[in-house]
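For reference, the structure discussed in these notes is given below.
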Amino acid sequence: MSTFVVVHGGFGGAWEWTPVARRLRAHGHEVFTPTLTGMGERAHLAAPDVTVDTHIEDIVAVLELEDLRDVVLCAHSYGGVPATGAADRVPKRIRLLLYIDALVPSDGESALDLLPSWFGPQARATVDARGRVPTPAGLEPPPGSIDEEERLRYVRRLRPQPLHTFTEAIRLTGAVARLPTAFVRCTAAPPPGDPIAAIASRMRARGCAYRELALPHDPQALNPDGTADLLHEFATSMP
């Protein structure tokens, strides 16, 4: 079986992926779900000097200190940015880089370069004294996507995210471009100014393995069984 490292998206934490991780472990996989600095249960570590490079170091540290090899590195949403940086730094530890409706940066790009044009001004206008940006309401799972009580339980656990994780440009050597890569596109109810459609098209044009899920942007919350089954399928079908 495979070793998964799953990187959560913006404003979230490892808690988002616990249901999926349980299902993957039931398939016999080993699963790590790190929480990035300043987010989730590590929200108390948020500070103005937390950047995307901090988050890259978070992921690399898990890979190196757990001495993980032959890893299926999964990244959701914003998590695609630091996961790309981590894979570029330690490519020999990665068997497959799997993006789940994620941002995929090129060298010199920041998350802000890939997000809708309204996000940057709103983020800078709402940043707090600890350098954090609150979750825009338009990025929450939409009403009606799951049971409303469960949806609100999910939203209540979202936390502000350090601004500089969005604004700092990523630097890549090119090593990540040589890794086997797959992309999962969530096709239902895209948010206003959805940036993922163009990224998904670019990844398909690159010849990446590609699948679609008829779900909104947060499949780990909306259908953990189906999400886990798809990750299991990728891990067992790709060399």
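The values are calculated or read from the model by the stated rules, or taken from the named source; none is laboratory data. Computed from a predicted structure; not experimentally measured. A quick note on method: Cβ atoms are made from the backbone with ideal geometry, for glycine too, and the neighbour counts reach across all protein chains shown.
Here are the numbers for this structure:
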read-out: Top-ranked residue in segment 206-239 [being more than 17 Å from the chain's Cα centre (by Cα) and hydroxyl-bearing (Ser, Thr, Tyr); ranked as surrounded by the most Cβ atoms within 10 Å (Cβ to Cβ)]; value: THR236
read-out: Unique match (being touching a Leu at 6+ places or on another chain (Cβ under 7 Å), outside any helix (DSSP H, G or I) and aliphatic (A, V, I, L, M)) among LEU215, LEU172, LEU231; value: LEU215
read-out: Given (1) under 18 Å from HIS217 (Cα atoms); (2) crowded, with 19+ Cβ neighbours inside 10 Å, index of the condition THR181 fails; value: (1)
read-out: Test result for VAL72, in contact (Cβ under 8 Å) with a residue 24 or more places away in the chain, crowded, with 24+ Cβ neighbours inside 10 Å and more than 26 Å from ALA228 (Cα to Cα); value: no
read-out: Residue satisfying condition, being surrounded by fewer than 23 Cβ atoms within 10 Å (Cβ to Cβ), without any contact (Cβ under 8 Å) to a residue 40 or more places away in the chain, of a type in the set (Lys, Arg) and more than 29 Å from VAL60 (Cβ to Cβ), within set ARG156, ARG124; value: ARG156
read-out: Test result for ARG42, basic (Lys, Arg) and either at pLDDT below 95 or over 20 Å from ARG159 (Cβ atoms) (or both); value: no
read-out: Residue list for segment 11-47, restricted to those being of a type in the set (Gly, Ala, Ser), under 20 Å from HIS217 (Cα atoms) and part of a helix (DSSP H, G or I); value: ALA14, ALA21, GLY40
